[in-house]
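The values are calculated or read from the model by the stated rules, or taken from the named source; none is laboratory data. The structure presented is a predicted model; accordingly, all values stated were derived computationally and were not measured. Here the Cβ is made from the backbone with ideal geometry for all residues, glycine too, and neighbour counts use every protein chain on show.
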Amino acid sequence: MAEIKLQAKTREISTKGKINELRRQGFVPGVFYIKNEDPIYFYVPESSLRPLVYTTEMHLVDLIIDDDKNYKSIVKDVQFDPLTDKMIHVDLQGITVGQAIEVQVPILLTGQAIGIKEGGRLQQVIHKLDVECLPKDIPEQLEVDISNLKIGDNLLVKDLSYDNIKILTEEDAVIVTILAPKGTEEETEAEELGAEAPAEPEVISKSKSDEEDQG
């Protein structure tokens, strides 16, 4: 898994007004947390977060705080402004060598489905999987081969397995389905089945900053 350095500065727990002032200056407030230790509050330039957030791959973060303290971590959560879609808060989770961690890893579809060659249409329902593994085993992406899927076929989470990785996403969740060509009876039936599939887990959840910002 590729590693990206992230330069940050410490900050105090602030009022909402001070937090908003940081954001107006182009910074994103954040929190680093790791089990059995106090959280560290920091801020970083928004531009330095983009390679970590706007990507389809997992990255290890080498968080460097005040130029002298390094913490290995991953991006656990990002909060966006609902109006401007700008990043307004980030949570980084520290990792410990030899200790398993729960993460979301992007799915990479590989191969060309038989059903696509026959005129069908691919519908991807889930784009990331919740998994548990050791930090050294965290992949940048999880490859999913769809080559053998025919029109009307679904690929479920329980159809997948990876070495040294435990999948936490519900096993009956549909990852990919191959829909019939538009206008056919099979298309309507397949889309109805797809509509019944569990929704994809929300990638960006509500951040811990809500409690902080109310101060």
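Worth pointing out:
- Verdict on A199 being at pLDDT below 95, assigned to a loop (DSSP other than H, G, I, E, B) and not β-branched (V, I, T): yes
- Residue ID - surrounded by the most Cβ atoms within 10 Å (Cβ to Cβ), chosen from residues in segment 48-59 that are farther than 22 Å from E12 by Cα and of a type in the set (S, T, Y): T55
- Enumeration of residues in segment 153-170 that are surrounded by fewer than 15 Cβ atoms within 10 Å (Cβ to Cβ) and either among the small types (G, A, S) or in a loop (DSSP other than H, G, I, E, B) (or both): S161, D163, N164, E170
- Flag for D81 being under 20 Å from the mean Cα position of the chain (by Cα) and loosely packed, with under 13 Cβ neighbours inside 10 Å: yes
- Within segment 117-152, the set of residues being farther than 29 Å from S73 by Cα, assigned to a loop (DSSP other than H, G, I, E, B) and free of Cβ contacts under 8 Å to residues at least 40 places away in the same chain comprises E118, I146, S147, N148, L149, K150, I151, G152.
- Flag if E3 is acidic (D, E) and within 22 Å of K128 (Cβ to Cβ): yes
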